[in-house]
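Peer 1: Would you mind keeping the following structure in view while I ask a few things?
The values are calculated or read from the model by the stated rules, or taken from the named source; none is laboratory data. Since the model is a prediction, treat every value here as computed from it, not as a measurement. Because the Cβ atoms are built from the backbone with ideal geometry, glycine has one as well, and the counts that use them run over all protein chains shown. The area values use the complete protein model at the heavy-atom level, side chains included, leaving out ligands, DNA and RNA. Shrake-Rupley method; radii C 1.70, N 1.55, O 1.52, S 1.80 Å.
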Amino acid sequence: MSNHQELLTGWGNTAPSLADVVRPRNEEEVTTDLQNAPGSLIARGLGRSYGDAAQCAGGTVLSNRGLWNLTPIDPLTGLVTVGAGVSLDELVSISIPAGWFIPVTPGTRQVTIGGAIAADIHGKNHHVDGSFMNHVRSIRLATPTGTLTITPESEPELFWATAGAMGLTGVVIDATVQMIPIETSYISVDTERFPNLDATMAAMASGDDDYRYSVAWVDCMTAGASMGRGVITRGDHAPKSMLEGKQTRHPLSPPASTKLAVPFTPPSGLLNRLSIKAFNEAWFRKSPKKRDGEIQSLGTFFHPLDGVDWWNRLHGHRGFLQYQFVVSDAHGDVVTKAIELLSSQKVPSFLAVLKRFGPHNPGPLSFPMKGWTLALDIPIGPPQLAGVLDQLDLMVGEAGGRLYLAKDSRLSPQQFRAMYPQLGEFERIRKTIDPQGLLASDLSRRLGIS
Ligand SMILES: Cc1cc2nc3c(=O)[nH]c(=O)nc-3n(C[C@H](O)[C@H](O)[C@H](O)COP(=O)(O)OP(=O)(O)OC[C@H]3O[C@@H](n4cnc5c(N)ncnc54)[C@H](O)[C@@H]3O)c2cc1C
């Protein structure tokens, strides 16, 4: 256990705050840290949430990376018990050669098990498999009132309250996760380009159910007839029979490690309206009009951004934010209106990713719910940005939708309460394990989560 002050930010590099950082190595040290914290405390993983969820100004931030243990995967059941500080990258490096894959993966492998549970992360398969907590069988959770093992059967309220609670129900020590069997480390991918948003959304609504994984990249920089043109990539795990050549010799290879990195943060971002427009044009043109059955590695399909370490630095010192919302199928028009608003207000978005979600799980703060989710990476800078995002908050809230806390850095407490109607239930459960309100983060203070 060591202790020093650090200036911390999220992946978006905005709103830094100073905290004492502790690095416990086991349950006993976590308990000591919870007891000795002079003020508030929050856990932190690899800092891949975009905003202020893993920060605690003036308090204690508990790095989970010392909580590192990884038992072998049970070859019969596919269950694995993993320390909260193990990253998905580290987990798949041992699971893939053994023929198992993580049930849900976000767009990067550089997130920890603790972070995956705290955000109840989702992937390209939410419409089929749900979110991460749907595959967690038990959690060892250290709370200010003691450590307990929670399962959906033994402690359903606390278990589901922990899904998407952003660390506010306690420190995850480890968890048992149900992995999925795979024959190969490849995905059979179908790619198709669509001339505008309506065509992209219609194709997703009618065709996504035929695939386990689906995602669309959407161009938010075009207007008129090609507004929101998109490229849909969908796929399923490839069986051995689909592999050819070199792939057949190593059908279960873990993803290659990253070789490139952005070494420093340039003073002003390299990603601006012009460079993003040029990138989007090139991306759309390079995508095939239609290609079926392409064999891609798991890394290429799920984690293309992991090819370059610290790519977030490309946004410069001002940083960037990600705005991700979900709305029900009945309010799919909010996706169109959001892209129209960004395009008409000339707010650039580097990456716009559209997915379909399946049903919500019982987690009161878990983000996914049935419908459409759009995620937009936006550089900080345009003076009109704050007003445009406030307008979007209103549109999403009025449609009964919500923003993803793992990406949020700016939502107001009023909008947050309106978007998460089960917040009262969450606060009631939280009081039972943290009556003094020890667990708090910059995000929980900003949103007024008591
Ligand atoms: C490039 C990129 C792509 C992404 N794509 C997706 C995506 O497709 N889907 C998706 O759902 N998310 C996505 N994310 C977001 C990311 O999955 C989440 O923010 C995740 O929580 C980050 O994990 P972390 O280990 O970095 O945690 P941190 O960012 O360090 O912390 C996130 C939250 O977890 C809590 N936490 C961390 N460890 C513990 C613990 N041991 N116990 C209790 N609480 C803990 C923290 O308090 C904080 O509230 C993406 C992020 C990036 C950078």
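Peer 1: For the range 106-136, enumerate the residues that are closer than 17 Å to SER366 by Cβ and outside any helix (DSSP H, G or I).
Peer 2: PRO106, VAL111, ASP120, ILE121, HIS122, GLY123, ASN125, GLY130, SER131, VAL136
Peer 1: Moving on to the next point. Assess whether ALA43 counts as being within 7 Å of the ligand (Cβ to nearest atom), crowded, with 19+ Cβ neighbours inside 10 Å and in a strand (DSSP E or B). Step through it out loud before you land on a result.
Peer 2: Working: within 7 Å of the ligand (Cβ to nearest atom): yes; crowded, with 19+ Cβ neighbours inside 10 Å: yes; in a strand (DSSP E or B): yes.
Yes, satisfied.
Peer 1: Sticking with this one: Working only within the range 52-81, note down all residues that are open to solvent by 40 Å² or more (accessible area, probe 1.4 Å), part of a loop (DSSP other than H, G, I, E, B) and closer than 13 Å to ALA98 by Cβ.
Peer 2: Matches in the range 52-81: THR71, PRO72, ASP74, PRO75, LEU76, THR77.
Peer 1: Filter the range 287-323 down to residues that are of a type in the set (A, V, I, L, M) and away from the ligand (no atom under 13 Å from the Cβ) and give me whichever is nearest to GLU90 (Cα to Cα). Lay out the reasoning, then the answer.
Peer 2: So in the range 287-323, the residues of a type in the set (A, V, I, L, M) come out as 295, 298, 305, 308, 314, 321.
Subset that is away from the ligand (no atom under 13 Å from the Cβ): 295, 298.
Values: ILE295: 24, LEU298: 14 Å.
The qualifying residue nearest to GLU90 (Cα to Cα) is LEU298.
Peer 1: Going by what's in this entry, would VAL347 be described as without any contact (Cβ under 8 Å) to a residue 60 or more places away in the chain and surrounded by fewer than 22 Cβ atoms within 10 Å (Cβ to Cβ)?
Peer 2: Spelling it out, it is not the case that VAL347 is without any contact (Cβ under 8 Å) to a residue 60 or more places away in the chain and surrounded by fewer than 22 Cβ atoms within 10 Å (Cβ to Cβ).
Peer 1: Further question: What are the residues in the range 101-116 that are touching a Pro at 6+ places or on another chain (Cβ under 8 Å) and under 21 Å from LEU168 (Cα atoms), if any?
Peer 2: ALA116
Peer 1: Separate question: Considering every residue within the range 354-374, establish whether at least one is more than 23 Å from the chain's Cα centre (by Cα), crowded, with 18+ Cβ neighbours inside 10 Å and part of a loop (DSSP other than H, G, I, E, B).
Peer 2: Quick first cut of the range 354-374, residues more than 23 Å from the chain's Cα centre (by Cα) only: none.
So far as the range 354-374 goes, no, none of its residues is more than 23 Å from the chain's Cα centre (by Cα), crowded, with 18+ Cβ neighbours inside 10 Å and part of a loop (DSSP other than H, G, I, E, B).
Peer 1: Go through the range 98-109 and give me each residue that's buried (at least 21 other Cβ atoms within 10 Å of the Cβ), within 9 Å of the ligand (Cβ to nearest atom) and not aliphatic (A, V, I, L, M).
Peer 2: THR105, PRO106
Peer 1: Is it fair to say ALA330 is among the small types (Gly, Ala, Ser) and under 19 Å from the mean Cα position of the chain (by Cα)?
Peer 2: It is false that ALA330 is among the small types (Gly, Ala, Ser) and under 19 Å from the mean Cα position of the chain (by Cα).
Peer 1: If we only count strands (runs of 3 or more DSSP E) wholly inside the range 162-272, which ones have 3 or more residues that are open to solvent by 20 Å² or more (accessible area, probe 1.4 Å) and either over 23 Å from PRO304 (Cα atoms) or away from the ligand (no atom under 16 Å from the Cβ) (or both)?
Peer 2: 186-194
Peer 1: Please state which of the following conditions ASP377 fails to meet, knowing it meets all the rest: (1) within 30 Å of ALA161 (Cβ to Cβ); (2) in contact with a Pro (Cβ under 7 Å, 6 or more places away or on another chain); (3) at pLDDT below 95.
Peer 2: Unmet for ASP377, out of (1) within 30 Å of ALA161 (Cβ to Cβ); (2) in contact with a Pro (Cβ under 7 Å, 6 or more places away or on another chain); (3) at pLDDT below 95: (2).
Peer 1: Only one residue in GLY371, GLY387, GLY400 is more than 16 Å from the ligand (Cβ to nearest atom), at positive phi and of a type outside the set (Asp, Glu), so which one is that?
Peer 2: So the residue among GLY371, GLY387, GLY400 that is more than 16 Å from the ligand (Cβ to nearest atom), at positive phi and of a type outside the set (Asp, Glu) is GLY400.
Each row is one residue, and each column tells you yes or no for (1) more than 30 Å from LEU271 (Cβ to Cβ); (2) outside any helix (DSSP H, G or I); (3) open to solvent by less than 30 Å² (accessible area, probe 1.4 Å).
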{"residue": "ASP393", "(1), (2), (3)": "no, no, yes"}
{"residue": "SER409", "(1), (2), (3)": "no, yes, no"}
{"residue": "ALA418", "(1), (2), (3)": "yes, no, no"}
{"residue": "LYS431", "(1), (2), (3)": "yes, no, no"}
{"residue": "SER450", "(1), (2), (3)": "yes, yes, no"}
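Peer 1: Provide a single number: the residues in the range 383-409 that are of a type in the set (Val, Ile, Thr) and over 21 Å from the mean Cα position of the chain (by Cα).
Peer 2: Residues that pass the stated criteria total 1.
Peer 1: Here is a list: VAL326, VAL334. Which entry is over 28 Å from THR258 (Cα atoms), of a type outside the set (Phe, Trp, Tyr) and more than 16 Å from the ligand (Cβ to nearest atom)?
Peer 2: Just a single option satisfies the conditions, and that option is VAL334.
Peer 1: Out of the residues in the range 283-306 that are in a helix (DSSP H, G or I) and open to solvent by less than 60 Å² (accessible area, probe 1.4 Å), state the one that is nearest to VAL189 (Cα to Cα).
Peer 2: Residue satisfying both the conditions and the ranking: PHE301.
Residues checked against (1) of a type in the set (A, V, I, L, M, F, W, C); (2) closer than 16 Å to GLN178 by Cβ; (3) touching a residue at least 24 places away in the same chain (Cβ under 8 Å); (4) within 16 Å of the ligand (Cβ to nearest atom):
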| residue | (1), (2), (3), (4) |
| --- | --- |
| LEU79 | yes, yes, yes, no |
| LEU88 | yes, yes, yes, yes |
| LEU91 | yes, yes, no, yes |
| ILE113 | yes, yes, yes, yes |
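Peer 1: Of the conditions (1) more than 30 Å from MET221 (Cα to Cα); (2) among the charged types (D, E, K, R); (3) outside any helix (DSSP H, G or I), ARG445 clears all except one; give me its number.
Peer 2: Here ARG445 clears every test but (3).
Peer 1: Based on what the data block shows, is PHE132 touching a Ser or Thr at 6+ places or on another chain (Cβ under 7 Å) and within 14 Å of the ligand (Cβ to nearest atom)?
Peer 2: It is false that PHE132 is touching a Ser or Thr at 6+ places or on another chain (Cβ under 7 Å) and within 14 Å of the ligand (Cβ to nearest atom).
Peer 1: Conditions: (1) crowded, with 18+ Cβ neighbours inside 10 Å; (2) farther than 27 Å from ILE187 by Cβ. SER49 meets all but one. Number of the miss?
Peer 2: If we test SER49 against (1) crowded, with 18+ Cβ neighbours inside 10 Å; (2) farther than 27 Å from ILE187 by Cβ, just (2) comes out false.
Peer 1: Within the range 133-155, is even one residue out of contact with any Pro (no Cβ under 9 Å at 6 or more places or on another chain), open to solvent by less than 50 Å² (accessible area, probe 1.4 Å) and within 20 Å of LEU298 (Cα to Cα)?
Peer 2: no
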